[in-house]
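Take a look at the structure set out below.
Every number in this text was worked out from the coordinates using simple rules, so none of it is lab data. Treat the numbers as computed from the prediction; the structure is a model and nothing was measured. When we count neighbours, we look across all protein chains shown, and the Cβ atoms used for this are built from the backbone with ideal geometry, even at glycine.
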Amino acid sequence: MMSNLNQYKQEIGELLPHWTPRQLPQKNNLKGKYCLLEPYSADRHAHDLYKAYSHAEDDRDWTWLPIGPFKDFDDYFQQAKSFEKSHDPIHYAIIDSATKQAIGSIVLMRIDPINGTVEMGFVLYSPLLKKTRIATEAQFLLMQYVFDELGYRRYEWKCDSLNTPSRKAALRLGFTYEGTFRKAVVYKGRSRDTDWFSLIDTEWPNIKTQLQTWLSSKNFDETGQQILSIEQIRNAL
């Protein structure tokens, strides 16, 4: 971080004379090549999502989430209605552009327009979504919205420190690990240490290029397999 000296010869942070509070994220559609993020609607999305989650062999996908698993559709639908009503977090359903079906959801949360920070979280990816181009593009669309349209300075990712898949995903997408908050949360009858990751506005242009390059149709063969990984693209750039 850039530093300056005040009148007392003390180091202070980068000066932001033209900074103004950012706008709040809105419940808008975010359209990509492979998917569409729609503001969550229980009536439109809950049936598709419950069906998509039912493709899982067991309940392990809910281990590190504060909600779930759900005993039946009615149980899930009650949760879905709360998703729709919420304004922080803002829940988005992830729609597969090919099938027009909702196959996962994602949120923007802990929204702080005064300081220009926001957290991405509550990633509920079904087996139909995991390890697909849509899984990465959904993340990209939110990043692009936050940085390019809203002008935020900081984009956060937090997870249980024992959630190895989430940690790996954050690093793959270009987030920087910042540390672990010990005994930060109590959930589902247990303690959680929380790992913090972030992406900031000055890093975004490079990360944006990496993700756009990876998402390009030219980076996938006729069977849909990637030609270069994000890490390979990052190293090349």
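Taking every DSSP beta bridge that has both ends in the range 24-236, the antiparallel portion is near 90%. Note on Leu173, Leu237, Leu108: ascending count of other Cβ atoms within 10 Å places them as Leu237, Leu173, Leu108, the fewest first.
When only C-alpha pairs under 8 Å and at least 6 residues apart count, what is the relative contact order of the chain, in percent? It rounds to 16 percent for the chain.
In units of 2.2 N^0.38 Å, what is the alpha-carbon radius of gyration of the chain?
1.08
Among the GluC sites (Glu not before Pro) in the range 45-136, those located in a DSSP loop and surrounded by at most 13 other Cβ atoms within 10 Å of their own Cβ are Glu57.
Count charges around Gly189 for me, please; just the other residues with Cβ under 15 Å from its Cβ, Lys/Arg as +1, Asp/Glu as -1. Walk me through the intermediate numbers first.
Working: positive: Lys183, Lys188, Arg190, Arg192; negative: Asp160.
Overall, the nearby charge balance is +3.
Under 1.5 on a/c is rounded, so check that first for the range 25-103, then, if it is not, pick prolate when a/b is larger than b/c and oblate when it is not; a ≥ b ≥ c are the square roots of the alpha carbon gyration tensor eigenvalues. Oblate is the answer for the range 25-103, as a/c is 1.5 or above yet b/c matches or exceeds a/b. Taking other C-beta atoms within 10 Å as the exposure proxy, Glu149, Glu38, Glu137 rank Glu149, Glu38, Glu137 from fewest upward. If one computes the Cα centroid of the range 31-94 and of the range 122-184, what distance in Å separates the two points? First find each Cα centre; the distance between them is then 17 Å.
Alpha-carbon geometry of the range 139-212: the Rg and the Dmax are 13.6, 42 Å, given in that order. Ellipticity at 222 nm from helices only: DSSP H runs of n ≥ 4 in the chain, each -39500 (n - 2.57), divided by the residue count, give -8500 deg cm²/dmol. Taking every alpha-carbon pair in the range 76-143 and binning the separations at 10 Å intervals from zero gives 19, 49, 27, 4 percent.
For the residues Thr164, Thr213, Thr180, a GNM of the chain with alpha-carbon springs under 10 Å puts the largest fluctuation on Thr164.
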